[in-house]
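Heads up, the thing below is written out as structure tokens.
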Amino acid sequence: MVKPAADWTERSLDLSRLLARAGLGDRAAFATLYERTSPHLFAVVLRINRDRAQAEDILQEVYVNVWRAAQSFDAAQSQPLTWLTSIARNRAIDSLRRGQTQPKLQTLGSAAGGADAEDEDVYDTVADAAPGPLDLLSRATDARALGECMDKLTALQRQSVALAFYQGLSHAEVADQLRQPLGTVKSWVRRALATLKSCLQGAVVRDGAGAG
Amino acid sequence: MDYGRPELADRLAAEYVAGTLRGPARRRFESLLPAHPLLREATLAWQRRLMPLTAPIAPQQPSGEVWRRISERIGGGSEAKADGGAWTRLSFWRGLTAFASVAAIGLAVLLANPSAVPPPIVVVLAPTGTAPGTAPPASLVASISGDGSTLVTRPIVPVSIQPGRALELWAVPTAGAPRSLGLLPGGSGTVALRAKVLAGADTLAVTLEPAGGSPTGQPTGPIVYAGKFSL
């Protein structure tokens, strides 16, 4: 359900005004928009493409796209940060190519009998101070309804969705990471998304605790 | 595949937003979006559902180099609208040249008639071509009376917009927030200009808002027509 602009937070209204002015060619407003939103979008991109230099290139693309598309932003269809974050995630996912290795995938990936380098990477991953996908989920205090609905998922459904969403993993990559059959993972993700949808719509899901 | 089926549209949109739709399938999905309203709707709905998941991600500061490169690519310059901003980049400027000559002729005819009242200022608003939901593009003409008390707009070609939406007219100053001049049912309107509402403004813009106009007092929808003028 689209939240009418009258119910938005002050932040959302602010961003909407900045976007509207950027759409009219106001570069100062666009600079302010960048200042306010780029740390969030950069962090979102980094979760997907952990190469900082590439992430900065992606961020550049994102904001050039935002500048060009600002006048078509429609507040009746989405909130500004939702729109911006979606653009960022899409460009970040596009930047990942098949075979391109990300540190986490290298360690738990397809190669059986890991080489020394991969074993070292495992320790790097474990020592990584940044929160993993599950930590992020448990901290989703701003998105309480979504957090409550995520709680209705089984642990494996939740983990599959988290890996896909936060890191931009495909079904096959999630299956690799969790060492589970591809078909199983696909069904976890599908059940998870269906459960989220009906939970968010307020419907009662009778067998949400199903296989997983 | 029949992309008109709601369940299929919903499933694909969910996978697209969640990130599991990848490779050629993902690219194909993106290419279908402009032409398939069901897919667009489903995608927007899933974005609304899932983007809150990004809320707890700790922000990270990009290097200053990123903004510098963005700034260069969007046209250099440091002042707001010093380069004309979006207006100069749009192809509508080319279309506007044709209308400008029409407007100039109109003014010349008026000037030929001696009168104590200054001639009106005519502003042609051309379509910016960014609102896919509206009817075929039309143009609006706005006329500001010589004594500055009234602004009248008329569509050159009849305008129709989808139910639940409205056209709102804004005076856009070179600095500061746009000021609403009111709604334009069917593209027509007569506005009694309050003192100074046009002060400092060099652009008239029309945006597509919810019925009843912007709920925030500032433009919230896409710009559908725009035109520059000078008082």
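The values are calculated or read from the model by the stated rules, or taken from the named source; none is laboratory data. Being a predicted model, the structure only gives us computed values, none of them experimental. Here the Cβ positions follow ideal geometry from the backbone for every residue, glycine too, while neighbour counts run over all protein chains shown.
Sub-6 Å Cβ pairs linking a first residue in the range A:63-89 that is facing chain B (nearest Cβ under 7 Å) and in contact (Cβ under 8 Å) with a residue 40 or more places away in the chain to a second residue that is in a loop (DSSP other than H, G, I, E, B) and surrounded by fewer than 23 Cβ atoms within 10 Å (Cβ to Cβ), at least 6 apart or interchain, are A:Trp67/B:Ile74; A:Gln71/B:Thr130; A:Ser72/B:Thr130, ordered by first then second residue. What about A:Ala28, is it at the interface with chain B (Cβ under 7 Å from one of its Cβ atoms), surrounded by fewer than 22 Cβ atoms within 10 Å (Cβ to Cβ), under 20 Å from B:Val66 (Cα atoms) and modelled with pLDDT under 95? So A:Ala28 passes the test. The selection criterion, being crowded, with 19+ Cβ neighbours inside 10 Å, out of contact with any Pro (no Cβ under 7 Å at 6 or more places or on another chain) and under 19 Å from B:Thr43 (Cβ atoms), holds for A:Val62. Where strands (runs of 3 or more DSSP E) sit wholly within the range B:149-216, those with at least 1 residues that are away from every other protein chain (no Cβ under 13 Å) occupy B:150-155, B:165-173, B:179-183, B:189-192.
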